[in-house]
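Shown next, in structure tokens, is the structure this report addresses.
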Amino acid sequence: MNKLFPKKWQRIAASVVATIIAVYALIYVDVVMRARSAYLEGEKFWAWHENPQLKEKFFDEKLSKEKTSLQKKLDSKKISQKEYEIQTEIIEFNNKREREESSIKYAYVWYQTAAELFSPPESKWVRRSREKMPKAKQLWREELIKKGIPFEEYMLE
């Protein structure tokens, strides 16, 4: 490095530039990976919209795991029977509420997240999210109309 940058200030400047480039590269990779993650979440919810059995299976498994975990706590006397009953009721209530949520609404929100929060850079995940957003929003709108839920257009943003 001394041959390439013989003066101390040159070595310091090169180090600063290299550090800045490394930080920008890390930020770029982080933002692209977050956009990918948001896009894939949107895809999961879109799949649930198209195939409600996938959603039911997911929440059946989740409920089973949570109840099993709670049962183990009860069996090992970490919680009382009363606490077990209360927690079971909470788990079942939350599970029911999550099942009733609109899958296509969440697909739209995840696509919107990828497109608006994780760009720039204009990664393929951001582009794909932007492509799917209008259709997801339209399906969400149709779902609300079908269910007779009143809404204003600004509520879908």
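For segment 81-89, indicate whether the set of residues that are touching a Ser or Thr at 6+ places or on another chain (Cβ under 8 Å), in a helix (DSSP H, G or I) and either open to solvent by less than 50 Å² (accessible area, probe 1.4 Å) or touching a residue at least 60 places away in the same chain (Cβ under 8 Å) (or both) is non-empty.
So far as segment 81-89 goes, no, none of its residues is touching a Ser or Thr at 6+ places or on another chain (Cβ under 8 Å), in a helix (DSSP H, G or I) and either open to solvent by less than 50 Å² (accessible area, probe 1.4 Å) or touching a residue at least 60 places away in the same chain (Cβ under 8 Å) (or both).
Only residues that are more than 14 Å from the chain's Cα centre (by Cα) and part of a helix (DSSP H, G or I) were counted across segment 97-125, and they come to 5. Go through segment 60-115 and give me each residue that's of a type in the set (Phe, Trp, Tyr) and farther than 30 Å from Glu131 by Cα. Residues satisfying the conditions are Tyr84, Phe93. If you go through segment 36-51 one residue at a time, do you hit one that is of a type in the set (A, V, I, L, M, F, W, C), free of Cβ contacts under 8 Å to residues at least 60 places away in the same chain, touching a helix residue (DSSP H, G or I) at 6+ places or on another chain (Cβ under 9 Å) and under 22 Å from Leu144 (Cβ atoms)? Looking through segment 36-51, at least one residue is of a type in the set (A, V, I, L, M, F, W, C), free of Cβ contacts under 8 Å to residues at least 60 places away in the same chain, touching a helix residue (DSSP H, G or I) at 6+ places or on another chain (Cβ under 9 Å) and under 22 Å from Leu144 (Cβ atoms).
The residues of segment 36-64 that are of a type outside the set (A, V, I, L, M, F, W, C) and closer than 14 Å to Tyr111 by Cα, listed by number, are Arg36, Ser37, Tyr39, Glu41, Gly42, Glu43, Lys44.
Sub-9 Å Cβ pairs linking a first residue in segment 137-157 that is at pLDDT 95 or above to a second residue that is of a type in the set (Val, Ile, Thr) and open to solvent by less than 60 Å² (accessible area, probe 1.4 Å), at least 6 apart or interchain, are Lys137/Ile104; Leu139/Ile104; Trp140/Ile104; Glu142/Ile104; Glu143/Ile104, ordered by first then second residue. Among the residues of segment 113-146, just one is farther than 30 Å from Ile27 by Cβ, open to solvent by 90 Å² or more (accessible area, probe 1.4 Å) and aliphatic (A, V, I, L, M), namely Ile145. All conditions but one from (1) among the basic types (Lys, Arg); (2) over 19 Å from Phe45 (Cα atoms); (3) at pLDDT 95 or above apply to Arg97; the one that does not is (2).
The values are calculated or read from the model by the stated rules, or taken from the named source; none is laboratory data. Remember, predicted model here, so these are calculated numbers, not experimental data. Every residue, glycine among them, receives a Cβ derived from its backbone with ideal geometry; neighbour counts consider all protein chains shown. Note: areas computed on protein heavy atoms with side chains; ligands, DNA, RNA excluded. Shrake-Rupley method; radii C 1.70, N 1.55, O 1.52, S 1.80 Å.
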